[in-house]
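**Student:** Let me begin by handing over the structure; questions about it come next.
The values are calculated or read from the model by the stated rules, or taken from the named source; none is laboratory data. No experiment lies behind these values; they were computed from the predicted model shown. Cβ placement follows ideal geometry from the backbone for every residue including glycine, while neighbour counts extend to all protein chains displayed.
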Amino acid sequence: MMAAHFDLVIRGGTCVLPWGMEQTSVGVRAGHIAALGVAADATAEQSIDATGLHVLPGLIDPHVHLRDPGDKAVESIPTGTRAAVLGGVTTVFDMPNTSPSITDAEHLAWKQGYAEASAWCDMGLYIGGTRTNIPHLASLEVGRGVCAIKVFAGSSTGDLMVEDDESLERVMRAGRRTIAYHSEDEYRLQARKKLFKSGEPYARHMEWRDEEAAFLGTRRLMALARKTARPAHILHVSTAEELDYLKDYRDIASVEVLVNHLTQVAPEAYETLKGYGVMNPPIRGRRHWEAAWAAVRDGTVDTIGSDHAPHSRAAKERPWPEVAAGLTGVQTLVPVMLDHVNAGRLSLARMVDLMCAGPARIYGLVGKGRLAAGYDADFTLVDMRRQRRIEEDWIASPCGWTPFAGMQITGWPVATIVRGQQVMREDEVLGTPVGRLAKFR
Ligand SMILES: [Zn+2]
């Protein structure tokens with residue numbers, strides 16, 4: 001019998017398979033996983049020695065804002081996806097609150113073509129739900145590469161917002177797929193803003209956008225989701241109260257937690273980071289950090305995201321509350337999570353569950369999220385013993401800063417492979433932008 005031939009074989013690594021860890025080789029053909037366990041006499045065009053490394057399914061960041069169209073001096077699809085692959089991410093889901101926003105077929109068509117011509121990793125695209133595009137949402141949400149409708153039920157960057165129950169219910173009744181929500185109660189945010197003055201300490205951010213603003217938003221959304229039977233993915237859940245409450249809504253709701261809320265704690269974060277610690281929902285106190293980790297451990301959390309949301313340094317250095325909310329994070333997501341694994345806060349298997357299987361399950365992502373025959377040959381190779389400090393000169397986003405600067409990390413992504421093509425090896429970006437639109441059911 002003729003020996004098998006592959007485009008790429010990854011040998012000697014510890015593969016994180018859905019059914020456990022195994023030291024095995026992976027054979028790739030035509031961009032797909034062709035074999036787990038490759039015979040010794042098999043030949044390959046390319047081979048990677050992964051001895052001493054862990055081979056993970058390509059890690060997914062389901063929550064990024066690549067700001068494109070927008071200000072290229074801050075971020076763009078080419079620069080943000082380059083940052084993603086440098087950080088060990090093979091697929092990003094990009095938010096619609098750009099300028100202009102992605103809320104109609106015309107802008108979606110533009111973004112589909114542009115992403116496929118310029119992205120370094122694969123992409124899913126969110127469509128913004130607004131009051132005016134409700135009649136079109138059912139067709140927009142099944143567009144090519146569309147991961148979900150995103151609804152901003154509380155204010156954030158851009159002009160997208162649907163804050164009242166009547167409009168939210170109409171959005172939920174248009175279409176069938178899971179809707180992703182920014183859940184903070186806009187009315188409470190507006191009412192409380194009057195309690196504070198410009199120039200007060202940055203830590204006021206978590207007092208203004210308090211626990212009840214988030215919890216009230218989530219209670220309202222859950223009532224409407226139950227009423228309409230429309231699945232809801234609550235993005236960046238940030239309070240102990242919501243994490244407890246949402247356990248009773250598993251029939252209709254899923255949960256994202258951000259790496260920031262698992263890593264940064266108030267008030268220290270505001271004292272050291274000032275405006276570079278301001279994001280929505282805010283970084284909160286230790287009680288919520290503990291609840292987020294408990295929710296990772298007990299399975300409440302479905303996905304982990306970075307909410308990569310760059311702004312210029314000038315915008316981050318304005319006084320509170322004029323300071324722009326949002327932090328960079330797509331490039332640091334994997335190192336920071338690997339460090340949490342090494343610190344014993346979660347297992348590598350749970351990290352893969354949260355960053356591969358989770359996004360695939362919640363968004364209906366096709367052909368990604370697990371190492372299995374026939375799936376896309378997306379891999380993140382990580383060295384669990386590598387020690388390195390996060391430095392700002394490593395950050396590929398043009399804005400040039402990270403709220404994790406100076407953090408000492410153990411565990412680092414050393415290679416990124418997208419559909420069988422090596423796009424990053426040891427800090428070097430390789431080849432040309434190969435990104436395509438991900439597929440969703
Ligand atoms: Zn976001």
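**Student:** Would you call Gly143 on the phi < 0 side of the Ramachandran plot, assigned to a loop (DSSP other than H, G, I, E, B) and surrounded by 22 or more Cβ atoms within 10 Å (Cβ to Cβ)? Outline the logic, then answer.
**Tutor:** Working: on the phi < 0 side of the Ramachandran plot: yes; assigned to a loop (DSSP other than H, G, I, E, B): yes; surrounded by 22 or more Cβ atoms within 10 Å (Cβ to Cβ): no.
Taking the combined requirement at face value, the residue does not satisfy it.
**Student:** Give the residues of segment 166-210 that are touching a strand residue (DSSP E or B) at 6+ places or on another chain (Cβ under 8 Å) and farther than 16 Å from Ser155 by Cβ, sorted by residue number.
**Tutor:** Of the residues in segment 166-210, the ones touching a strand residue (DSSP E or B) at 6+ places or on another chain (Cβ under 8 Å) are 168, 171-172, 175, 177-183.
Answer for segment 166-210, where residues must be touching a strand residue (DSSP E or B) at 6+ places or on another chain (Cβ under 8 Å) and farther than 16 Å from Ser155 by Cβ: Val171, Met172, Gly175, Arg177, Thr178, Ile179, Ala180.
**Student:** Here's something else I'd like to know. Given the criteria at pLDDT 95 or above, within 16 Å of the ligand (Cβ to nearest atom) and under 28 Å from Asp302 (Cα atoms), does Val85 qualify? Show your work before the answer.
**Tutor:** On the way: at pLDDT 95 or above: yes; within 16 Å of the ligand (Cβ to nearest atom): no; under 28 Å from Asp302 (Cα atoms): yes.
Judged against the criteria, Val85 is not a match.
**Student:** Sticking with this one: Which of the residues that make up segment 55-89 are without any contact (Cβ under 8 Å) to a residue 60 or more places away in the chain and of a type in the set (D, E, K, R)? Step through it out loud before you land on a result.
**Tutor:** From segment 55-89, those without any contact (Cβ under 8 Å) to a residue 60 or more places away in the chain are 68-70, 77; that's our starting set.
Hit for segment 55-89 is Asp68, nothing else.
**Student:** Can you tell me how many residues within segment 388-421 are under 23 Å from Ala50 (Cα atoms), surrounded by 20 or more Cβ atoms within 10 Å (Cβ to Cβ) and of a type in the set (S, T, N, Q)?
**Tutor:** Residues meeting the conditions: 1.
**Student:** With Leu327, Leu346, Leu354 as the choices, which residue is under 17 Å from Val257 (Cβ atoms), within 16 Å of the ligand (Cβ to nearest atom) and among the aliphatic types (A, V, I, L, M)? Step through it out loud before you land on a result.
**Tutor:** Numbers: Leu346 fails: within 16 Å of the ligand (Cβ to nearest atom); Leu354 fails: within 16 Å of the ligand (Cβ to nearest atom).
It is Leu327.
**Student:** Also: Might you let me know whether segment 128-138 holds any residue that is over 21 Å from Glu163 (Cβ atoms) and surrounded by fewer than 18 Cβ atoms within 10 Å (Cβ to Cβ)?
**Tutor:** Quick first cut of segment 128-138, residues over 21 Å from Glu163 (Cβ atoms) only: 138.
If we keep only those that are surrounded by fewer than 18 Cβ atoms within 10 Å (Cβ to Cβ) as well, we get 138.
Within segment 128-138 (the criterion being over 21 Å from Glu163 (Cβ atoms) and surrounded by fewer than 18 Cβ atoms within 10 Å (Cβ to Cβ)), the answer is yes, since at least one residue qualifies.
**Student:** While we're looking at this one, here's another question. Give segment 328-353 a look and list any residue that's of a type outside the set (S, T, N, Q), within 22 Å of Ala291 (Cα to Cα) and not in a helix (DSSP H, G or I), or say none.
**Tutor:** Gly329, Ala343, Gly344, Arg345, Leu346
**Student:** If only one of Ile60, Ile77, Ile149 is surrounded by 21 or more Cβ atoms within 10 Å (Cβ to Cβ), closer than 20 Å to Arg441 by Cα and out of contact with any Cys (no Cβ under 7 Å at 6 or more places or on another chain), which one is it?
**Tutor:** Of Ile60, Ile77, Ile149, the one residue that is surrounded by 21 or more Cβ atoms within 10 Å (Cβ to Cβ), closer than 20 Å to Arg441 by Cα and out of contact with any Cys (no Cβ under 7 Å at 6 or more places or on another chain) is Ile149.
**Student:** Still on this structure, please answer the following. For segment 152-264, list the helices (runs of 4 or more DSSP H) that sit wholly inside it and hold at least 1 residues that are aromatic (Phe, Trp, Tyr); which are they? Give the steps one after another, and end with the answer.
**Tutor:** Values: elements: 165-172, 186-193, 204-208, 211-228, 240-245, 259-263.
Answer list for segment 152-264: 186-193, 204-208, 211-228, 240-245.
**Student:** For residues in segment 291-313 being within 19 Å of Thr98 (Cα to Cα) and outside any loop (DSSP other than H, G, I, E, B), which is farthest from the ligand (Cβ to nearest atom)? Let's see the steps before the verdict.
**Tutor:** The initial filter retains those residues of segment 291-313 that are within 19 Å of Thr98 (Cα to Cα), namely 305-313.
Then drop every residue that is not outside any loop (DSSP other than H, G, I, E, B), which leaves 305, 308, 313.
On the way: Gly305: 8, His308: 8, Arg313: 20 Å.
Ranking the qualifying residues of segment 291-313, first place goes to Arg313.
**Student:** Moving to a separate point now. Any idea which residue in segment 1-16 is nearest to the chain's Cα centre (by Cα), counting only those that are surrounded by fewer than 18 Cβ atoms within 10 Å (Cβ to Cβ) and outside any loop (DSSP other than H, G, I, E, B)?
**Tutor:** In the first step, residues of segment 1-16 are kept if they are surrounded by fewer than 18 Cβ atoms within 10 Å (Cβ to Cβ); the result is 1-5, 7, 12.
The next check asks that each one be outside any loop (DSSP other than H, G, I, E, B); those that pass are 5, 7.
Working: His5: 35, Asp7: 30 Å.
Only one residue tops the list, namely Asp7.
**Student:** Can you find, within segment 87-116, the residue that is nearest to Ile417 (Cα to Cα) among those that are of a type in the set (A, V, I, L, M, F, W, C) and touching a Pro at 6+ places or on another chain (Cβ under 7 Å)?
**Tutor:** Across segment 87-116, the extreme among qualifying residues is Phe93.
**Student:** To continue, here is another question. Limited to segment 45-69, what total is found for residues that are within 16 Å of the ligand (Cβ to nearest atom), within 16 Å of the chain's Cα centre (by Cα) and part of a loop (DSSP other than H, G, I, E, B)?
**Tutor:** 3
**Student:** Whether any residue in segment 237-252 is β-branched (Val, Ile, Thr), within 16 Å of the ligand (Cβ to nearest atom) and either within 27 Å of Ala203 (Cα to Cα) or within 20 Å of the chain's Cα centre (by Cα) (or both) is what I want to check. Give the steps one after another, and end with the answer.
**Tutor:** Applying the first criterion (β-branched (Val, Ile, Thr)) to segment 237-252 yields 237, 239, 252.
After this cut, where a residue has to be within 16 Å of the ligand (Cβ to nearest atom) as well, the list is 237.
Restricting the remaining residues to those that are either within 27 Å of Ala203 (Cα to Cα) or within 20 Å of the chain's Cα centre (by Cα) (or both) gives 237.
So far as segment 237-252 goes, yes, one or more of its residues are β-branched (Val, Ile, Thr), within 16 Å of the ligand (Cβ to nearest atom) and either within 27 Å of Ala203 (Cα to Cα) or within 20 Å of the chain's Cα centre (by Cα) (or both).
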